[in-house]
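Every number in this text was worked out from the coordinates using simple rules, so none of it is lab data. Small disclaimer: the values here were computed from a predicted structure and weren't measured. With ideal geometry, Cβ positions are generated from the backbone for all residues, glycine too; neighbour counts draw on all protein chains shown.
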Amino acid sequence: MAKKIVILNGSPRRKGNTSALVKAFAEGAENAGNTVTEFFLDSMNIHGCKGCFGGGKDPEHPCVQRDDMEKIYPAYKKADVVVLASPLYYWTVSGQLKCAFDRLFAVAECDPDYRNPKKDCVLLMAAEGNGFEETLYWYDRLEKHLGWKSLGKVLRGGVMDAGDIRGRRELDDARNLGQSI
């Protein structure tokens with residue numbers, strides 16, 4: 001059965017290595033008959049979470065802030081799979097991805113028990129170096145806390161300049177992961 005997939009691309013480079021992983025994953029997922037919606041977060045106007053606990057009062061507009069998260073909320077709520085894509089910055093995900101993900105809490109606030117919608121998830125990352133441990137720690141605990149199920153992770157270190165990932169097996173891994181959904 002076809003799935004609705006939302007990709008939160010936290011890379012600041014549209015043609016960078018993380019975006020190449022996203023493209024390969026999306027190709028595989030679409031070839032399998034799934035619907036893919038990508039949000040390139042760096043070009044969106046998204047403000048940080050205020051921690052106000054003021055969201056959840058209007059399911060059509062979960063957060064009290066009105067910015068480009070309004071484009072993400074409807075797709076996120078309908079999604080079966082959420083893909084977190086990011087370069088590795090200071091041993092974790094980019095600020096763009098973290099900022100947008102924090103704002104998804106407003107959707108949980110729509111539930112009286114602050115339950116997050118159940119989703120499957122995927123992690124795609126590229127990095128200059130190879131230190132993914134802290135991000136994996138965060139992702140694994142996030143998945144457990146939200147009650148989500150990880151469908152897979154594709155991580156590639158040693159790719160600093162845009163295009164360095166070309167010809168690497170991780171592009172095939174991302175495409176195959178997308179195809180498997």
Quick check: net charge around K23, other residues with Cβ under 14 Å of its Cβ, Lys/Arg +1 and Asp/Glu -1? +1
Given K15/K119; K119/K153; K3/K57, the pairs whose alpha carbons are separated by over 19 Å: K15/K119; K3/K57
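Can you give the FRET efficiency for L151 and R115, using 1/(1 + (r/R0)^6), R0 = 30 Å, r = Cβ-Cβ distance, to the nearest 0.05?
Numbers: r = 21 Å, r/R0 = 0.69.
According to the calculation, E is roughly 0.90.
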Checking the cross-link filter: which aspartates and glutamates have an alpha carbon closer than 20 Å to that of K144, excluding same-chain neighbours under 8 positions apart? D80, D102, E109, D111, D113, D120, E133, E134
How far apart, in nanometres, would the label points at K3 and K77 be if each is projected 7 angstrom from Cα along the Cα-to-Cβ direction? 2.2 nm
Suppose each label sits 7 Å from its Cα in the direction of the beta carbon; what would the A32-D140 distance come out to in nanometres? 2.3 nm
If each of A108 and F53 carries a label point 7 Å out from its Cα toward its Cβ, how far apart are those two points in nm? 1.4 nm
Listed candidates (i) 14.0; (ii) 10.7; (iii) 9.6 - label of the one calculated as mean projected area of the Cα convex hull in nm²: (iii)
Whole-Hz Karplus ³J(HN,Hα) for the range 45-61, in order, using 6.51 cos²θ - 1.76 cosθ + 1.60 and θ = phi - 60°, x for Gly and Pro? 8, 10, 8, x, 4, 8, x, 8, 6, x, x, x, 7, 9, x, 6, 9
Could you pull out the chymotrypsin sites (Phe, Trp or Tyr not before Pro) across the range 25-90 that fall in loop regions by DSSP (anything but H, G, I, E, B) with no more than 15 other Cβ atoms inside 10 Å? F53, Y90
